[in-house]
1. Which one of these does VAL58 not meet: (1) touching a Lys or Arg at 6+ places or on another chain (Cβ under 8 Å); (2) more than 14 Å from LYS36 (Cα to Cα)?
2. Considering only segment 5-19, state which residues are in a loop (DSSP other than H, G, I, E, B) and either at pLDDT below 90 or of a type in the set (Val, Ile, Thr) (or both).
3. Between residues in segment 23-42 that are part of a helix (DSSP H, G or I) and residues that are polar (S, T, N, Q), which pairs lie under 7 Å by C-beta distance while being six or more apart or on different chains?
4. List the number of the failed condition for SER110; all other conditions in (1) loosely packed, with under 10 Cβ neighbours inside 10 Å; (2) part of a loop (DSSP other than H, G, I, E, B); (3) modelled with pLDDT of 55 or more hold.
5. Would you be able to tell me the number of residues in segment 61-78 that are touching a helix residue (DSSP H, G or I) at 6+ places or on another chain (Cβ under 7 Å), more than 12 Å from PHE34 (Cα to Cα) and either in a helix (DSSP H, G or I) or aromatic (Phe, Trp, Tyr) (or both)?
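The values are calculated or read from the model by the stated rules, or taken from the named source; none is laboratory data. Remember, it's a predicted structure, so these values are computed and weren't measured experimentally. Backbone-built Cβ (ideal geometry, glycine too); neighbour counts: all protein chains shown.
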Amino acid sequence: MAIEARVCKRCRKLFMYNGNPICPTCVVMLDDAFVKVRSYIYDHPAHSLMEVCEETGVEEGIVLHLLREGRLSTHPDQPGLIVCEMCGTSIPSGMYCDECKVSMGKGLRSALPQEVSVDVQTQQTKIRVKKTY
């Protein structure tokens, strides 16, 4: 396997790619920010995004990134902080609402290659989805 250099998506510095689009320095920084924010939210669950950022010293963009990754979730009393990327519905964390996840799953399953066979004795056509992963 060849060693590949890439540019970090967060800090734009060159690093040796290891399967993560973020350099090791930024990974450590994000993990530290996650621990700070998670601890603060655990003790103060209903605080706003701005209050969390001010009290922890973590940038708003990083907190939103952690919400989009699904590592954190919003309090039920704070709808609208992040929205589904497909339909715009308010969601507590991640990128998509449950309905859009189901819809995407159905679309992906219908795109899978299928194998068609005919049972000679009963003259019935059977369709089976081939697992190619």
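1. All conditions pass for VAL58, except number (2).
2. Those that are in a loop (DSSP other than H, G, I, E, B) and either at pLDDT below 90 or of a type in the set (Val, Ile, Thr) (or both): ASN18, GLY19.
3. Short answer, once both residue conditions are applied: VAL27/ASN20; LYS36/THR56; VAL37/THR56; TYR40/THR56.
4. Tallying (1) loosely packed, with under 10 Cβ neighbours inside 10 Å; (2) part of a loop (DSSP other than H, G, I, E, B); (3) modelled with pLDDT of 55 or more, SER110 fails exactly one: (2).
5. So the answer is 0.
Per-residue answers, yes or no, for (1) of a type in the set (Gly, Ala, Ser); (2) under 21 Å from MET95 (Cα atoms); (3) surrounded by fewer than 15 Cβ atoms within 10 Å (Cβ to Cβ); (4) out of contact with any Gly (no Cβ under 8 Å at 6 or more places or on another chain):
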| site | (1), (2), (3), (4) |
| --- | --- |
| LEU14 | no, no, yes, yes |
| VAL28 | no, no, yes, yes |
| PHE34 | no, yes, no, yes |
| PRO45 | no, no, yes, yes |
| SER48 | yes, yes, yes, yes |
| GLY61 | yes, yes, yes, yes |
| LEU72 | no, yes, no, yes |
